[in-house]
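Here is the structure we will look at, set down as structure tokens.
The values are calculated or read from the model by the stated rules, or taken from the named source; none is laboratory data. These numbers were taken from a predicted model, which means no experiment stands behind them. No Cβ is skipped: glycine too gets one built from the backbone with ideal geometry, and neighbour counts run over all protein chains shown.
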Amino acid sequence: MLHYLQVALHHFGYWAVALFMITEGCGIPVPAETMLVTAAAFASHGTLSLWKVIVAGAGGGILGGAAGYWIGAVGGVRFIRHYGGRVGISDARLERARDFFRARGNGAVMLGRFVAFLRILVPMLAGVTRMPFGRFMLFNAIGSIGAAVTYGVLGYEFGRDLRALEHHLRLASLLLAALAAIAIGVLTWRRSRASAAET
């Protein structure tokens, strides 16, 4: 995997970083995080500029998040209503998702930029639930810039042992995803208990 990313960087440089981030935002699971870290490692050896890598990663993340939002906003509700029943997504659950994004959407969008599969899922859910686009873009930008700086600096500082860094980042991403899933589960359980108590 790293070999192909390195070849892409040799040929396309910063554009490869931005394109991977945009592609991931559109719902295609490409290793955007690893591409960003690899590009930062190149910067540590003087092949690329770190600040340009960070700008490419942040810009691609912002554009990719916006694309994911509009994919969810334009086709997401129709898709869920057509196929959602097959996987247990009802109108009531969709409404609960809307409530969640009204209450905690800012943090979900911002922190979602740091976790691989959440970078795909959260923008689309924000679009499906009609989170205000301006608010989404503000926290999408904050999260994208924060993630690009974090992963860029890590790749730059630990670029000599890229495989070990990639391994640790993957573990950290899985841990954050598990914590996010637990938090969402607890919030959903509390909300359902509160609704049951009211009735």
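If the condition is being touching a Leu at 6+ places or on another chain (Cβ under 9 Å) and of a type in the set (Asp, Glu), then segment 1-54 contributes only Glu33. Picking from residues in segment 139-179 that are at pLDDT 65 or above and among the hydroxyl-bearing types (Ser, Thr, Tyr), the one that is nearest to Ala103 (Cα to Cα) is Ser144. Residues in segment 113-130 that are β-branched (Val, Ile, Thr), over 14 Å from Gly143 (Cβ atoms) and outside any loop (DSSP other than H, G, I, E, B): Val128 alone. Within segment 7-30, if we keep just the residues that are β-branched (Val, Ile, Thr) and touching a helix residue (DSSP H, G or I) at 6+ places or on another chain (Cβ under 6 Å), the residue that is surrounded by the most Cβ atoms within 10 Å (Cβ to Cβ) turns out to be Val17. No other residue among Leu48, Leu19 is at pLDDT 90 or above and not in a helix (DSSP H, G or I) apart from Leu48.
In segment 115-142, the residues that are in contact (Cβ under 8 Å) with a residue 40 or more places away in the chain and surrounded by fewer than 17 Cβ atoms within 10 Å (Cβ to Cβ) reach residues that are part of a helix (DSSP H, G or I) and aromatic (Phe, Trp, Tyr) with C-beta atoms within less than 7 angstrom, at least six apart or across chains, in these pairs: Phe133/Tyr69.
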